Amino acid sequence: AQSVTQLGSHVSVSEGALVLLRCNYSSSVPPYLFWYVQYPNQGLQLLLKYTTGATLVKGINGFEAEFKKSETSFHLTKPSAHMSDAAEYFCAVRPGYSTLTFGKGTMLLVSP
Amino acid sequence: KAGVTQTPRYLIKTRGQQVTLSCSPISGHRSVSWYQQTPGQGLQFLFEYFSETQRNKGNFPGRFSGRQFSNSRSEMNVSTLELGDSALYLCASSFGQGENSPLHFGNGTRLTVT
């Protein structure tokens, strides 16, 4: 069975600072990996995905993530935080034909 | 292209009642999945349908059921509601099933059980 661990239920950064949200996964087969963002009272929006190929994946709104197989990690980063980035972020794994499994989420707080 | 549409957006029911939630996927998408989101448990998988067939089911009691129609629209039903069923129910659609097709989510139905 697959699982996802997101370190830190809350992460606080200042506007303009680096954003780093951590995600580690376990999977018995090569996984597909995703990051989603959820704004209040809305559904989840896909930020980026890793399937195969290049391990550094670029997504929307300036976010990117790097797949590191040896560390079973898929951390999400953004060089400079904006106030509009404040939201909850979910890492998810889908090994092969299995279902999509989400982490518990990390709330990103951005202060001026 | 219209996104995933869930109706209703908000619902208030009494314990013991039953409820039906509806989901219209993105045009052309054949796979529909349902998730329950609560502050304590996070996002939990309910079921996944592809071409009217349930392909996967999460660890929920039999009070939770679903179906998919020939036009890919889906409904989920919860019978004999309990207070713990209060949650945001999210529907997601994708073009394929079991592939790297990302899920596209609706805005959810907020169910409150009193």
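Nothing in this text is a laboratory measurement; each read-out follows from the coordinates by a stated rule. Computed from a predicted model, the values in this text were never measured in an experiment. Note: ideal-geometry Cβ built from the backbone for every residue, glycine included; neighbour counts use all protein chains shown.
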Exercise. Which links in A:Lys49/A:Lys78; A:Lys104/B:Lys57; A:Lys104/B:Lys13; B:Lys13/B:Lys57 stretch past 23 Å when you go from one Cα to the other?
Worked result: A:Lys104/B:Lys13; B:Lys13/B:Lys57
Problem set entry | From phi via Karplus (6.51, -1.76, 1.60), per-residue ³J(HN,Hα) for the stretch A:64-80 in Hz, x at Gly/Pro | 8, 9, 10, 7, 10, 5, 5, 9, 6, 10, 8, 6, 9, 9, 8, x, 9
Exercise. The stretch A:51-94: D in µm²/s via Stokes-Einstein (Kirkwood Rh, Cα pairs, 4 °C, 1.567 mPa s)?
Worked result: 110
Problem set entry | 28 Å tail of the calculated P(r), the protein assembly as shown, as % of Cα pairs | 30
Problem set entry | Per-residue mean of C-beta atoms belonging to partner chains within 10 Å, peptide B:50-57 | 1
Exercise. Roughly what % of Cα-Cα distances in the stretch A:20-76 sit above 17 Å, to the whole percent?
Worked result: 36
Exercise. What does the average come to when, for each residue of peptide B:82-90, you count the partner chain Cβ atoms lying within 10 Å of its Cβ?
Worked result: 1
Seminar exercise, completed: GNM of chain B, Cα pairs under 10 angstrom: of B:Gln41, B:Gln68, B:Gln54, the biggest fluctuation goes to B:Gln41
Seminar exercise, completed: Over all directions, chain A yields a Cα convex hull whose mean projected area in nm² is 6.7
For this session: Only Cα pairs under 8 Å and at least 6 apart count here; give the relative contact order of chain A as a rounded whole percent.
Result: 38
Problem set entry | Residue mean of other protein chain beta carbons inside 10 Å, A:30-39 | 2
Problem set entry | For the stretch B:47-114, convex hull volume per residue from C-alpha positions, Å³ | 97
Seminar exercise, completed: Rounded to whole angstrom, the alpha-carbon centroid of the stretch B:59-103 lies from that of the stretch A:40-112 at a distance of 23
Exercise. Modelled label-to-label distance, A:Ala17 and B:Gln41, 7 Å Cα→beta-carbon offset: nm?
Worked result: 3.5
Problem set entry | Taking all pairs of distinct alpha-carbon atoms in chain B, Kirkwood radius in angstrom | 14.0
Problem set entry | Integer Hz, Karplus 6.51/-1.76/1.60 couplings in order for the stretch A:21-29, x for Gly and Pro | 10, 9, 9, 10, 10, 10, 7, 7, 10
